[in-house]
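The values are calculated or read from the model by the stated rules, or taken from the named source; none is laboratory data. If you're wondering where the values come from, they're calculated on a predicted model, not measured in any experiment. Cβ: placed from backbone, ideal geometry, glycine included. Neighbour counts: every protein chain shown.
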Ligand SMILES: Nc1ncnc2c1ncn2[C@@H]1O[C@H](COP(=O)(O)OP(=O)(O)OP(=O)(O)O)[C@@H](O)[C@H]1O
Ligand SMILES: [Mg+2]
């Protein structure tokens, strides 16, 4: 397997505080790898080490196959970086900033002007190319930063919260650009707090907390894992309740009640938008074994609580159709990436608290 980045027990120690604490992070070449994590988790510090802006304390890392400590110049030639805090020369214009980057990377003078024109067009900032950076809006500065990072065709592009504060249209421009660059074979490393963005464009996600990787999977894999963990946790709690009940000891009542309240709701809740709704259809739905509750919330929408199984939604759809209904949409309450993030980082908080 070829990796865009791979780290082995990478550490950054600030006066005894390990901002990055034995980080083992792998992101495959040619993919879009998302990095999530709470504020202060060590994402920016990791990226700064990987882009050779700050030295590591210990461990090792390779970027594009080059060692960040022994081959930093090779690493720098392969990467582009859109930092969390825009670092442009405010007394230079947009174009002058980009030209400076092009010259730094020795971009061939024969293609330089055209390349800069194309990139400025791509993110729609050409109209402001002669404005001083200090007079740009935040979003325009961000676009300039993106153009500057791409002018030397980097193989790996690091973006640290690139869409913070951008309007929805500009966000889409950047997402499309990331996907396009990736389709051309480049690797993208994206740090973000925007769960929608990460879910939409990343192939894999690493969740970092307290300087370590605490979860790694595809976006869907993380959500599936959360469901599985909830089921396993509930199973364990139910077993504990049964054991306590068998003891038949009145002193166990309080503990049993506490355990019951800690069970997570495993039901699947769906909202179906139906036209041609009839009382018979609702009754038929209520009579289904998999259905716990049907609630008509108006405007053609039914909220339905289901026992979670692979076929539950099938039964609902078939019943609606066989009762003459038309389904315009079905919305499920499957876990979101935000649910995953909260569950995983809350668990880590608990562990840290217990350990302190
Ligand atoms: N130069 C520094 N000196 C001392 N501590 C630092 C320094 N830079 C970062 N830290 C600390 O390292 C930890 C990780 O910071 P980092 O900026 O990497 O977090 P992050 O995951 O990028 O957070 P955010 O989501 O808020 O951007 C924080 O506790 C921060 O205060
Ligand atoms: Mg950061």
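Per-structure values
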{"quantity": "Residues that are closer than 25 Å to residue 78 by Cα, away from ligand 2 (no atom under 16 Å from the Cβ) and within 11 Å of the chain's Cα centre (by Cα), drawn from region 170-204", "calculated": "201, 202, 203, 204"}
{"quantity": "Selected residue [away from ligand 1 (no atom under 16 Å from the Cβ), in contact with a strand residue (DSSP E or B) (Cβ under 8 Å, 6 or more places away or on another chain) and more than 30 Å from residue 210 (Cβ to Cβ)] from 67, 74, 117", "calculated": "74"}
{"quantity": "Matching entry among 65, 80 (being at positive phi and surrounded by 14 or more Cβ atoms within 10 Å (Cβ to Cβ))", "calculated": "65"}
{"quantity": "Criterion: touching a helix residue (DSSP H, G or I) at 6+ places or on another chain (Cβ under 6 Å) and outside the structural domain of residue 229 (by the TED database) - qualifying residue of 272, 316, 291", "calculated": "291"}
{"quantity": "Conditions (1) touching a helix residue (DSSP H, G or I) at 6+ places or on another chain (Cβ under 7 Å); (2) more than 16 Å from ligand 2 (Cβ to nearest atom); (3) touching a residue at least 40 places away in the same chain (Cβ under 8 Å): number failed by residue 23", "calculated": "(2)"}
{"quantity": "Scan of region 39-86 for residues that are in a loop (DSSP other than H, G, I, E, B), within 13 Å of ligand 2 (Cβ to nearest atom) and within 15 Å of residue 21 (Cα to Cα), ordered by number", "calculated": "40, 41, 42"}
{"quantity": "Test: residue in region 144-154 that is touching a strand residue (DSSP E or B) at 6+ places or on another chain (Cβ under 6 Å) and without any contact (Cβ under 8 Å) to a residue 24 or more places away in the chain", "calculated": "no"}
{"quantity": "Subset of region 236-249 [under 20 Å from residue 344 (Cβ atoms) and either touching a residue at least 60 places away in the same chain (Cβ under 8 Å) or exposed (fewer than 14 other Cβ atoms within 10 Å of the Cβ) (or both)]", "calculated": "236"}
